[in-house]
Amino acid sequence: MNGTARFRGMSGAFGAVGGDLSAISINPAGSLFFNNNFASVTVSSFNNSNNANYFGTKSKENFSTLDLNQVGAVLVFSDASGKSDWNKISVALNYDNTNNFDNRMFIAGRNPSNSISQYFVDQANFIANTPFNDYQYEMGYDTYIINPSEDDPNVFVSNVSPGGNYYQDYFSTSNGYNGKLTANVATSYKDKLFLGINLNAHFTDYVTTSRLYEYNSNPENPNTQPTVREIVFDNQLSTYGSGFSFNLGAIYKINESLRIGAAYESPTWYRLNDELVQDLYTYGNVNVPSGDENRSYASPIFVFPTYKLRTPSKITASATYIFNKKGLISIDLAEKDYSNTEFKNTNQNDFRDLNSQMSLNLKKAFELRIGGEYKIKQWSLRGGYRFEESPYETGDIIGDLTGYSAGVGYNFGESKLDLSYANSHRNYNQNLISSGMTDTARIRNVQNNVTLTYSINF
């Protein structure tokens, strides 16, 4: 969760609060709670800490980055003549960096039974004869990782000697973002009912680079079969594209102290592109022709066909209580059914298995956000709590997320300065490779984010 410092300081519990440019991403009717034309700009420091446990070996990696993650403005038009019950209109334009993907991870340990060579065995024996699987076969065969079986030349086997105790380590870095540009319009009826709509343009640019290493000192394979001692497998995957979504929202003011809100966020319809580059190396090969003790295979850029992704929709119910114009407490409860996630392209069969797996393994998940704010003269003190349920039927894959936040703000009159700190953590399983070897590392991800926002009335 990103956004302005006030938004983050209250853990995003803004569905019935409004009056913040990031809050309109929760409920677009919230732009009507600005009293004046208003603009804000936000910078955030993002810190990711990943603690890994792989077969009892623990490792830790930290990564920090600083980003400009929000900028926007709202114009407010009020009709004080009393001639119309629709007495207020707001128009806003806001950019939010909705996801920051900058991260780094290191995993190391001794696998007692499974070699990463099983990935290339799996790809070579895969029944779907796609160009990508052919390429994996060529890489594995050319570097002596796999060979046809002596019993059946149509079945491939590993040239990594059996016996287990394979030392493996995995290092990955990722960079990128999901950005959202929002055009917002909202209007109020008798200063009691507030209605709003957002039209959102989405942008994504994501690059992840990984290096997987394996070493074994097991006895050589018999019958002069090649034996591979060390494997290095490099991957760089780039994903980029754009999308569209919309939001609808309403806030009803029961009295001056109590408001309730309801909001709908449509699916995001993305068009995405993937590009993959792979390098494979083997070292210390035994029982191979002279000069082949070390082998390498570098791939060109493998460009996948453009595909479509539809994310699930989201509904949010909210309530806010304001006491003596000094403070407030707000609660948001959101629901999103992740099993409705769907991939598509021109060949519907390409994603049939994946969509079926998501339908079976993903579920409806709830998110609870609670936030509070209290004003002391020009100062504002804030705090928040967030709980996000795992989207998986099996919580071991990705666990629940728990987050806490705190913030402070100072009002100079025509301008404001806000600062927040947010912490969140969740556990999940991390595969070292996508198939053939099902062993996972257990990761505890902790995020610590500091956000600073400057805003001005104009």
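Summary of computed values
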item	result
Stretchable slack from residue 55 to residue 325, in nm (0.36 nm times residue separation minus alpha-carbon distance)	91.7 nm
Reach of residue 58 by Cα under 14 Å, taken over aspartates and glutamates that are not fewer than 8 positions away in the same chain	169
Largest to smallest principal axis extent of the C-alpha atoms in the range 321-416, angstrom	62, 29, 20
Over the range 1-143, volume per residue of the alpha carbon convex hull, in Å³	211 Å³
Links that overshoot a 20 Å alpha carbon limit, given the list 190/377; 190/253; 180/364; 88/416; 375/416	190/377; 180/364; 88/416
Distance from the range 193-262 to the range 1-64 (C-alpha centre basis), Å	17 Å
Cα-projected label distance for residue 155 with residue 257, points at 7 Å along beta-carbon direction, nm	7.6 nm
Accessible area in square angstrom per residue, the chain, 1.4 angstrom probe	47 Å²
Residue 404-residue 286 pseudo-label distance in nm [points 7 Å out on the Cα-to-Cβ vector]	5.5 nm
Order by protection proxy (mean Cβ within 10 Å, highest first), peptides 22-34, 427-439	22-34, 427-439
FRET efficiency estimate (nearest 0.05) - Cβ-Cβ, residue 142 to residue 225, R0 22 angstrom	0.85
Difference of contour (0.36 nm per residue) and Cα-Cα distance, residue 246 to residue 106	46.6 nm
The range 361-458: equivalent-ellipsoid semi-axes (sqrt of 5 x gyration tensor eigenvalues, Cα, Å)	39, 14, 11
Cα centroid of the range 79-103 to Cα centroid of the range 413-458, whole Å	26 Å
Whole-Å semi-axes of the chain's equivalent ellipsoid (Cα gyration tensor)	52, 22, 18
Euclidean distance of C-alpha centroids, the range 166-189 and the range 268-305, integer Å	28 Å
Computed [θ] at 222 nm, deg cm²/dmol, the chain (DSSP H ≥ 4; -39,500 (n - 2.57); rounded to nearest 500)	-2000 deg cm²/dmol
Simple spin-label estimate for residue 361 and residue 381 in nanometres, 7 Å along Cα-Cβ	4.6 nm
Relative packing of peptides 98-105, 371-378 - highest average C-beta neighbours within 10 Å first	98-105, 371-378
Accessible-area composition of the chain, carbon plus sulfur, in percent [1.4 Å probe]	54 percent
Quarter of Cα convex hull surface for the range 274-388, i.e. mean projection, nm²	15.1 nm²
Candidates per GluC sites (Glu not before Pro) in the range 240-333, loop by DSSP, up to 11 other Cβ within 10 Å	256
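The values are calculated or read from the model by the stated rules, or taken from the named source; none is laboratory data. Note that the structure is a prediction, hence the values are computed from the model and not measured. Here the Cβ is made from the backbone with ideal geometry for all residues, glycine too, and neighbour counts use every protein chain on show. For the accessible areas, the whole protein counts, side chains as well, though only heavy atoms, and no ligand, DNA or RNA atoms are used. Shrake-Rupley method; radii C 1.70, N 1.55, O 1.52, S 1.80 Å.
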